[in-house]
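Structure, as C-alpha cells:
The values are calculated or read from the model by the stated rules, or taken from the named source; none is laboratory data. Quick caveat: nothing in here was measured; it's all calculated off a predicted structure. Because the Cβ atoms are built from the backbone with ideal geometry, glycine has one as well, and the counts that use them run over all protein chains shown. Each accessible area value is taken on the protein alone, full model and side chains, heavy atoms only, with ligands, DNA and RNA left out. Shrake-Rupley method; radii C 1.70, N 1.55, O 1.52, S 1.80 Å.
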Amino acid sequence: MSFDRSIKIAPSILAADFANFGAECSAACAQGADWIHVDVMDGHFVPNISFGATTCAAIRPHISGVMDVHLMIAPVDPYIEDFAKAGADVLTAHIEAGPHIHRTLQAIRGAGMKAGVALNPGTPAHAIDEVLDLIDLVCVMTVNPGFGGQKFIDMTSKIRTLRAMIGDRPVHIEIDGGVDPTTAPLVAEAGADVLVAGSAVFLGGSVSDPAPYGENIRAIRAAAEGVWA
Ligand code: DX5
Ligand code: ZN
C-alpha cells in the first residue's frame, strides 16, 4: 500500500446486499472503487450489530484494492489478530472505544496492518496529538456511527485542523458518513483524501446491474476533484 493524497473512493458495504457481499465487493472494485470500507459493529460501542472478522476473511478474495476495516467495537485489542488474519490492510479503531488508544495503535501496526484512528463528531481533533506518529489514517466521522444513510454533519473545521496537525506525515484523512457528490467537495477542499460512501455508491444498482455503482463513484470523485480544477 503506497501513500498518496489523491482522492480515493471507498464504498461501504454496509449499504450493499448482505446476501451477496462477495459479488458486491467485486462489482464495486470493477466499477472503480479504490478501497472497500468494511464496517464492523458490536451492538455495544454503537447501537447496531453488523458482522465480524469471519465475514472480512470471506470477502477478502473479492476485493482487488485496499480492505479498509472500521471497527466500531469495544474492546478492540482482543480482536486485532483476527482482523490481521482476515486480511485487513487498514484497521481503524475509535479513540472513544477505550482508555489505551496508544497501545491499540501499536498493536495494529505490530500485527502488520496500517493503523487508523476514528473520531466521533463530538471528539476534537487535538485528541490525537500524542499519537500522530503512530497512525497511517485518521477517520473523521461526519455522522454518529452505527447506521448508514444518515445526514452529513459538517466537520470541515476539524478536517482543516487535522490537515495542519498532520503536516508532512504520510497520514490519510478519511471521511465517513453522508458523503455524496454535494458533500464531497466540502471535505476534499478541507483536506480529506479517502471518501467513504455507502448509500451514495450502492444507490440504484445491484450485482446484476452494477453500472450505477460506477456512475455514482465517478460522480463523487469528479465532485471532489473539481475542487482543484
Ligand atoms: C457509519 C459507518 C459508515 C456508513 C456510511 O457508522 O461507519 O461507513 O456505512 O454510510 P453512508 O455513506 O450511507 O452515510
Ligand atoms: Zn465506517
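A few points about this structure:
- All of (1) in contact with a helix residue (DSSP H, G or I) (Cβ under 7 Å, 6 or more places away or on another chain); (2) open to solvent by less than 20 Å² (accessible area, probe 1.4 Å); (3) within 16 Å of ligand 1 (Cβ to nearest atom) hold for GLY22 with one exception: (3).
- The residue that is farthest from ligand 2 (Cβ to nearest atom), among those in segment 1-19 that are within 15 Å of ASP89 (Cα to Cα) and open to solvent by 60 Å² or more (accessible area, probe 1.4 Å), is SER2.
- Hey, SER50 within 13 Å of ligand 1 (Cβ to nearest atom), under 18 Å from ILE80 (Cα atoms) and either touching a helix residue (DSSP H, G or I) at 6+ places or on another chain (Cβ under 7 Å) or of a type in the set (Gly, Ala, Ser) (or both) or not: yes
- Extreme residue, farthest from ILE175 (Cα to Cα), among residues of segment 84-101 that are touching a Cys at 6+ places or on another chain (Cβ under 8 Å) and within 14 Å of ligand 2 (Cβ to nearest atom): ALA88
- Residues that are within 16 Å of SER12 (Cα to Cα) and over 16 Å from the mean Cα position of the chain (by Cα), drawn from segment 126-155: LYS151
- Subset of segment 80-96 (residues that are open to solvent by 20 Å² or more (accessible area, probe 1.4 Å) and under 18 Å from the mean Cα position of the chain (by Cα)): ALA84, GLY87, ASP89, ILE95, GLU96
- Selection within segment 40-75 - within 15 Å of ligand 2 (Cβ to nearest atom) and either in a loop (DSSP other than H, G, I, E, B) or small (Gly, Ala, Ser) (or both): PHE45, VAL46, PRO47, ASN48, SER50, PHE51, GLY52, ILE73
- Top-ranked residue of segment 191-229 - restricted to ones that are of a type in the set (Phe, Trp, Tyr) and buried (at least 18 other Cβ atoms within 10 Å of the Cβ), ranked as farthest from ALA118 (Cα to Cα): TYR213
- Per-region count, segment 147-171, residues assigned to a loop (DSSP other than H, G, I, E, B) and crowded, with 18+ Cβ neighbours inside 10 Å: 3
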